[in-house]
Amino acid sequence: TNSTLRGYLFIAFIALILRMKLMRMMIDAELNKRYSVEGLLTELEKIKIMILPNGEKMTTEISKKQREILDALHMCA
């Protein structure tokens, strides 16, 4: 339907904005020479957050590659 198409286009537009923002951050940090956007996201998606029974959140161990990416993008896990 028309509303479904509009919703799809809106989500695709938002995804494009986020992808371009990430690409700009990668260029500024010179990560684009070593990683593609897909490769960078694949590496970072391995980071998991576990919620313990008492409600405490715990991040899984972060590899050296992931730490380098996060540091270059000025982000924390």
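The values are calculated or read from the model by the stated rules, or taken from the named source; none is laboratory data. A quick note: this is a predicted structure, and the numbers were derived from the prediction, not measured. Because the Cβ atoms are built from the backbone with ideal geometry, glycine has one as well, and the counts that use them run over all protein chains shown. In case anyone asks, the SASA skips ligands and DNA or RNA and just uses the protein heavy atoms, side chains included. Shrake-Rupley method; radii C 1.70, N 1.55, O 1.52, S 1.80 Å.
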I'm told Phe10 meets every condition in (1) aromatic (Phe, Trp, Tyr); (2) assigned to a helix (DSSP H, G or I); (3) touching a residue at least 24 places away in the same chain (Cβ under 8 Å) except one. Can you identify the failing condition by its number?
(3)
Would you check which residues across the range 3-49 are among the acidic types (Asp, Glu) and open to solvent by 40 Å² or more (accessible area, probe 1.4 Å) and list them?
Asp28, Glu30, Glu38, Glu45
If you take the residues of the range 50-77 that are polar (S, T, N, Q) and in a loop (DSSP other than H, G, I, E, B), which of them is most open to solvent (accessible area, probe 1.4 Å)?
Asn54
